């Protein structure tokens, strides 16, 4: 709860560097990396992928490749040599992935997942493309909430912050009065979302990462990544794997 | 410069934890801790204080006290036992301080100063009460700019971020086209300032630190701390001391 009034606290962690300040043992931690890991993971489960094994070391990806797994992964936007494909969400929408387990290596998102997976934390993958389903799942957990922005190389990133703000807004507006925040990053995120929500594509045009993606020729995924509620799957961490919580019969 | 187009980059560092990502050797670093260290330091120079020796260890404050210095300092808003007074800006406006050197110990601000003081960095103390003078001084330096928010115990703080946003806005608007930013925290700060500037007192009512100050009975300084251009002094770091740059004859 972390509250005098019996409500659940909602916090936003702007980057992995700040995580020690928000670290909990019994919270719902929503990990997001809008461009592109979390959007790709959500797209994969929408496409019927059975599970995703997130890894952070290239040697781990190589090991999974040797074992015969499908391997996705990149560093700084470039496909790993050992990978079958990179981390564009569109790669995860290919029909042949249905029912498969994928080993996924990413610059930011996977490392964030590893940081938060301990204690009784419930770890959820959030993206604009599943934001309403994530909000419903979070509200069913009856726990404090930390929204963990994976950022870009430990930096604050605008797109992850906008997602955080949109989710804060949903929890405060639709959470039956069960949520509150006194966290400046949560307040700031919600206010930035207020400015952006009328036209997120136009707003994100200002952001640094959007320009990095364009330089790398990867900006085809921006509009998709900013589309709310493309799907209702909810990836959750179970042990070392991500699975779709809606297939466990426990989501709201 | 850090730019293809010959302009000076403006960045915002949201908390001391993120400083390694923004660390420069040849920038103007504007350190701010609106509630309350930077506002107090600026108030002191407005009142004719000769210099301020910033320290971060309590043992240092005790040592300066033994040497006969006037000592100001607090931890978590409470006056240190060895201190003559705490860090409320109003304490630094007392007439008997004119011409004196003060040793000042603070929870956040002093430690931020120590982190940034190296290389050829020009270290400046910024607050709303001297923001236009700081902007003029910064623009006279012809260097990239990092606005370093001291925050609260390594956390992002709304009031420091609003100051950062206000200064970003000034540099971009009044900097004769010599400044640019591609830094998401700088963009976010400026947008939050856009929301707040019509009524900063009302906006800051939402912020976490404002409520901490109220609980500690310290919220009398909020309105003063949010007042733009009360003074035109510009504290700068020279060796281990802060002095008023406008008395050095080098400010614009």
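Just so you know, all these numbers are worked out from the coordinates, no wet-lab data involved. Model, not experiment: these values are computed from the prediction. Every residue, glycine among them, receives a Cβ derived from its backbone with ideal geometry; neighbour counts consider all protein chains shown.
Normalised by 2.2 N^0.38 Å, with N the number of residues, the alpha-carbon radius of gyration of region B:1-126 equals 1.15. With respect to chain A, whose longest principal axis is taken over its alpha-carbon atoms, helix A:184-196 is tilted by about 70°. Footprinting exposure proxy ranking of A:101, A:110, B:246, fewest other C-beta atoms within 10 angstrom first, gives A:101, B:246, A:110. In this assembly of identical copies, the label point of residue A:81 (Cα plus 7 Å along Cα-to-Cβ) is separated from its counterparts by 6.3 nm, sorted shortest first. Going by Cα centres, region B:42-68 and region A:87-135 are how many Å apart? Measuring centre to centre over Cα atoms gives 51 Å.
Helix B:37-46 versus the longest principal axis of chain B: what is the Cα-based angle in degrees, 0 to 90, to the nearest 10? Between the helix axis and the principal axis of chain B, the angle is about 80 degrees. Taking every DSSP bridge with both residues inside chain A, close to 25 percent are antiparallel. Considering only beta bridges that DSSP places wholly inside the protein assembly as shown, some 25 percent are antiparallel. Sequence-distant contacts, meaning Cα pairs under 8 Å at least 6 residues apart, place the relative contact order of chain B at 31 percent. Sorted shortest first, the separations between the residue A:120 label point and its copies elsewhere in the assembly read 5.7 nm; each point sits 7 Å from Cα along the Cα-to-Cβ line.
With neighbour counts taken as other beta-carbon atoms within 10 Å, the residues B:88, A:38 rank, fewest first, as B:88, A:38.
Of B:175, B:48, B:198, the residue with the greatest mean-square motion in the GNM of chain B, using alpha carbon springs below 10 Å, is B:198.
What angle, in degrees between 0 and 90 and rounded to the nearest 10, separates the Cα long axis of helix A:158-174 from the longest principal axis of the Cα atoms of chain A? Long axis of A:158-174 versus the principal axis of chain A: about 50 degrees. From helices alone, chain B scores -10000 deg cm²/dmol at 222 nm; the rule is -39500 (n - 2.57) for each run of n ≥ 4 DSSP H residues, then divide by the residue total.
All alpha carbon pair distances within region A:116-252 were sorted into 10 Å bins beginning at 0; the resulting P(r) in whole percents reads 11, 40, 36, 12, 0. By the beta-carbon count within 10 Å of each Cβ, the least crowded to most crowded order of B:163, A:90, fewest first, is A:90, B:163. Distances between copies at residue B:211, taken between label points 7 Å from Cα along the C-beta direction, are 3.7 nm in increasing order. When chain B is turned onto chain A, its residue with the beta carbon nearest the axis, and that distance in whole angstrom, is B:17, 2. For region A:8-239, what Kirkwood radius comes out of the mean inverse Cα-Cα distance, in Å? Value: 17.4 Å, from the Cα pair sum. State log₁₀ I(q)/I(0) for the protein assembly as shown at q = 0.09 Å⁻¹ as given by the Debye formula over alpha-carbon point scatterers of equal weight, solvent excluded. Debye intensities relative to I(0), on a log10 scale: -0.65. The Rg/Rh ratio of region A:82-180, with Rg taken over Cα atoms and Rh as the Kirkwood radius over Cα pairs, comes to 0.99.
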